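Only one structure is covered here, and it is reproduced in the block below.
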Amino acid sequence: MKIYHNPRCMKSRQTLAIIQENGVIPDVVFYLKKPPTKTALKKILKMLGLKPEELLRRGEAIYKNNYKGKELTNEEWIDAMIEHPKLIERPIVVSGDKAVIGRPPENVLDLISKS
């Protein structure tokens with residue numbers, strides 16, 4: 001199991017705690033310091049069943065100042081998320097070929113019960 005984690009985010013911390021409380025030791029990726037590659041992000045999006053634009057954090061200043069109201073292609077949104085990882089919704093938890101967004105944190109229980 002892998003969690004794309006931001007330790008400053010309460011939901012991310014809560015999701016990580018649920019994972020650990022269920023006896024799983026995840027691979028913790030501090031995605032703000034080491035963003036996913038383009039290939040990894042595409043794979044995550046496919047597992048989540050989302051378009052890149054649906055994974056954006058629209059409340060972030062980077063989004064409001066640089067992207068709000070713009071029509072970008074899927075590739076351009078992916079490039080934007082890699083360039084500005086704060087735009088990526090968090091936390092994302094991946095297990096095998098499944099992924100969930102930890103909003104609410106309890107979403108991760110679906111992955112734990114299937115692993």
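General observations
- Label-point separation in nm, LYS98 to ARG58, each point 7 Å along Cα→Cβ: 2.9
- Axis angle, to the nearest 10 degrees, between helix 38-48 and the longest C-alpha principal axis of the chain: 60 degrees.
- Amide H contacts of ILE88 (H built 1.01 Å from N, under 5 Å, at least 5 apart or other chain): ARG57
- Separation of region 1-62 from region 83-115 is 6 Å, based on Cα centroids.
- In order along region 70-86, phi translates into HN-Hα couplings of 8, 9, 10, 6, 4, 4, 5, 5, 4, 4, 5, 5, 6, 5, 10, x, 4 Hz, rounded to whole numbers, per the Karplus curve 6.51 cos²θ - 1.76 cosθ + 1.60 with θ = phi - 60° and x for Gly and Pro.
- Rounded to the nearest Hz, the phi-derived 3J(HN,Hα) couplings of region 61-66 under the Karplus curve 6.51 cos²θ - 1.76 cosθ + 1.60 (θ = phi - 60°) are 4, 4, 5, 4, 7, 10, where x marks glycine and proline.
- Order of THR73, THR15 - criterion: other Cβ atoms within 10 Å of each residue's Cβ, fewest first: THR73, THR15
- Here the dipole of the chain is about 240 debye; that uses its Cα centre as origin and unit charges on the Cβ of Lys and Arg (positive) and Asp and Glu (negative).
- Angle between the chain longest axis and helix 10-21 axis [Cα atoms, degrees, rounded to 10]: 30
- ASN74/MET10 FRET efficiency (R0 35 Å; Cβ-Cβ; nearest 0.05): 0.75
- Cut-off 11 Å between beta-carbons: net charge of the residues surrounding PRO7, Lys and Arg +1, Asp and Glu -1: +4
- Net charge, TYR63 excluded, C-beta distance under 9 Å - Lys, Arg +1, Asp, Glu -1: +4
- Sorted by Cβ density within 10 Å, fewest first, the residues HIS84, HIS5: HIS84, HIS5
- Of (1) 25, 15, 12; (2) 29, 17, 11; (3) 18, 17, 14, the label for semi-axes √(5λ) of the Cα gyration tensor in Å derived from the coordinates: (1)
- Exposure proxy order (Cβ contacts within 10 Å, fewest to most) of GLU76, GLU89: GLU76, GLU89
Bear in mind that the values in this text are calculations on the coordinates, not laboratory data. Given the structure is predicted, the values throughout are model-derived calculations rather than measurements. Every residue, glycine as well, gets a Cβ built from its backbone with ideal geometry; the counts of neighbours run over all protein chains shown.
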